[in-house]
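Asker: Please see the structure below; I have some questions.
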């Protein structure tokens, strides 16, 4: 004779396993499909804000990984480098700045990493 309790648990366990599979699939999909779009959007926001602040004429590259930005390039002065760093830091969605800007005829600005 088959136990009626085991028959009732079987659909529940199947539903639980199916739910875990669906949630896992959604998490993996978000990591591969959504995150790169967010990083691109944040980099565009930083670039747009640099244009609004009038420092877009400098050769600056912004790379965003997650919510962290790395700023590289060459600028005319430390004042411009600091303005670029502050503008990037003030951009909505950016959590962390790694300023690797170089000042022409000088050393790296190297204010380092700011949060």
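No value in this document is a laboratory result; all are computed from the given coordinates. Predicted model, so just to flag it, every value in this text is computed and none were measured. Don't worry about glycine lacking a Cβ; one is built from the backbone with ideal geometry, like all the others, and counts go over all protein chains shown.
Asker: So how do 78, 71, 23 line up by other beta-carbon neighbours within 10 Å, fewest first?
Answerer: 23, 78, 71
Asker: I need the Debye-formula profile for the range 36-114: one equal scatterer per C-alpha, no solvent, reported as log10 I(q)/I(0) at q = 0.14 1/Å, two decimals.
Answerer: Log-scaled intensity ratios, in q order: -0.37.
Asker: Still on this model: Can you tell me the length gained on complete extension of the stretch residue 51 to residue 96, counting 0.36 nm per residue apart and subtracting the Cα distance?
Answerer: 14.2 nm
Asker: Ok, one more. R0 = 25 Å: FRET efficiency of residue 41 with residue 76, Cβ-based, nearest 0.05? Write down the numbers at each step before the final one.
Answerer: Values: r = 29 Å, r/R0 = 1.15.
Efficiency for this residue pair is about 0.30.
Asker: Can you put 25, 72 in order of Cβ neighbours within 10 angstrom, beginning with the fewest?
Answerer: 25, 72
Asker: So what is the relative contact order for the range 36-114, in percent, with contacts set as C-alpha pairs under 8 Å and at least six apart? Write out the running numbers ahead of the final one.
Answerer: Numbers: 133 pairs, mean separation 21.5, N = 79.
About 27 percent, as a whole number.
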